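Okay, so here's the structure we're looking at.
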Amino acid sequence: KIFITGALGQIGSELTMKLRNIYGTDNVIATDIRKNDSEAAQSGPFEVVDVTDTKTMIETARKYEADTIIHMAALLSATAEKNPVFAWNLNMGGLMNALETARELKAQFFTPSSIGAFGPSTPKDQTPQDTIQRPTTMYGVNKVAGELLADYYYHKFGVDTRGLRFPGLISYVTPPGGGTTDYAVEIYYEAIKNGRYTSYINKGTYMDMMYMPDALNAIIDLMEADSSKLIHRNSFNVTAMSFDPEEIAAEIRKSIPSFEISYDVDPVRQQIADSWPNSIDATAAKEEWGFKAEFDLKKMTIDMLEKLNK
Ligand code: VAH
């Protein structure tokens, strides 16, 4: 039984449906702070779980005899920057409770890290798997601490913890909330609706990105991988592409020739983006568990516009 927190979020909502298709609906328990009318909430077992409430989380996971805990509930970078104390309590308190739940139930564990775990002093191009991590955002502090805490639960308690440093994720099912890379999702919705987009991230700002189908496959491939082969188990760099707003706009113009991009830079999210890498190196993931991404910018753009045009 797979127990997912944050199951109604940007990754969680699609991951829940994919896992139900693979492992069976009744074997995937979706949980989130509140229910909604989404497919993830309605199409199978759902429980209201506040990840800061240790007792409820452990009792609920035990009720279902969960043997896998997938912890997705967290505040993303821009939101965390607005509410840093709340972000620490939710992101770190939730993670600790999810790790304790996995320890109690002897369950396998997954939670994502992010390119946000790197900071201004990290090498920016082809950022190595093992390098300096001095992030300057609360989200980044949470992600570095989270990687270390998950490693600790592996070494200290033998919990089979695993994690990926995700780039910006692009999807057409559930829009993201409060991220810095969200511009790369909004731009597709706006291209269809208005034929133009005003970007809050400046031209020339490169960030790693990945299409959601590749992100979901990466989680499943990592969780199914041979544990004895995992060296970087909680913090694998994974990426599919790196682009700036001008390049994604140019790709959209190949399908919508009249599409126009303009800029109204948000200093807060621009400063976060500037502190992150331009591109990261995913060699360790490829070598240790066969990571591969199917979608590049061209293929993703065609699929996103097709799906949103329906
Ligand atoms: C964010 N989408 O923008 C998330 C992610 C790498 C970016 O962590 O905060």
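Summary table
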| item | result |
| --- | --- |
| Candidates N36, N83 - the one that is farther than 18 Å from V144 by Cβ, open to solvent by 30 Å² or more (accessible area, probe 1.4 Å) and within 16 Å of the ligand (Cβ to nearest atom) | N83 |
| Selection from the stretch 6-45 of residues that are outside any helix (DSSP H, G or I), more than 16 Å from G177 (Cβ to Cβ) and not hydroxyl-bearing (S, T, Y) | G24, V28, I29, A30, K35, D37, G44, P45 |
| The stretch 28-55 residues that are farther than 19 Å from V173 by Cβ, paired with ones that are of a type in the set (G, A, S) and surrounded by fewer than 19 Cβ atoms within 10 Å (Cβ to Cβ) (beta carbon under 7 Å, 6 or more apart) | T52/G93 |
| Pairs, first within 11 Å of the ligand (Cβ to nearest atom) in the stretch 163-179, second assigned to a strand (DSSP E or B) and polar (S, T, N, Q), C-beta under 6 Å, six or more apart | R165/S113; R165/S114; R165/N237; F166/S114 |
| Residue within the stretch 121-133 that is buried (at least 22 other Cβ atoms within 10 Å of the Cβ) and either without any contact (Cβ under 8 Å) to a residue 24 or more places away in the chain or out of contact with any Phe, Trp or Tyr (no Cβ under 7 Å at 6 or more places or on another chain) (or both) present | no |
| Within the stretch 146-172, considering residues that are under 26 Å from E14 (Cα atoms) and among the small types (G, A, S), the one nearest to the chain's Cα centre (by Cα) | G168 |
| Cβ pairs under 7 Å, 6+ apart, first in the stretch 2-22 and over 16 Å from L169 (Cβ atoms), second among the aromatic types (F, W, Y) | I2/Y23; F3/Y64 |
| Any pair with Cβ under 6 angstrom, 6 or more apart, that starts in the stretch 274-296 at a residue that is of a type outside the set (V, I, T) and within 16 Å of the ligand (Cβ to nearest atom) and ends at one that is open to solvent by 20 Å² or more (accessible area, probe 1.4 Å) and part of a strand (DSSP E or B) | S279/S242 |
| Residue match in the stretch 129-150 (condition: within 16 Å of the ligand (Cβ to nearest atom), acidic (D, E), out of contact with any His (no Cβ under 9 Å at 6 or more places or on another chain) and under 21 Å from W289 (Cα atoms)) | yes |
| Residue in the stretch 114-121 that is within 12 Å of the ligand (Cβ to nearest atom), at pLDDT 95 or above and outside any helix (DSSP H, G or I) present | yes |
| The stretch 250-288 - residue that is touching a helix residue (DSSP H, G or I) at 6+ places or on another chain (Cβ under 7 Å) and open to solvent by less than 30 Å² (accessible area, probe 1.4 Å) and, of those, farthest from Y206 (Cα to Cα) | E288 |
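Rundown of residues vs (1) out of contact with any Phe, Trp or Tyr (no Cβ under 9 Å at 6 or more places or on another chain); (2) part of a strand (DSSP E or B); (3) open to solvent by less than 30 Å² (accessible area, probe 1.4 Å); (4) β-branched (V, I, T), yes/no style:
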| residue | (1), (2), (3), (4) |
| --- | --- |
| T136 | yes, no, no, yes |
| Y139 | yes, no, yes, no |
| H155 | yes, no, no, no |
| R165 | no, yes, yes, no |
| L169 | no, yes, yes, no |
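The values are calculated or read from the model by the stated rules, or taken from the named source; none is laboratory data. For clarity, every value in this text was computed on a predicted model and none was experimentally measured. When we count neighbours, we look across all protein chains shown, and the Cβ atoms used for this are built from the backbone with ideal geometry, even at glycine. All accessible areas refer to the heavy atoms of the entire protein, side chains included, with ligands and DNA or RNA removed. Shrake-Rupley method; radii C 1.70, N 1.55, O 1.52, S 1.80 Å.
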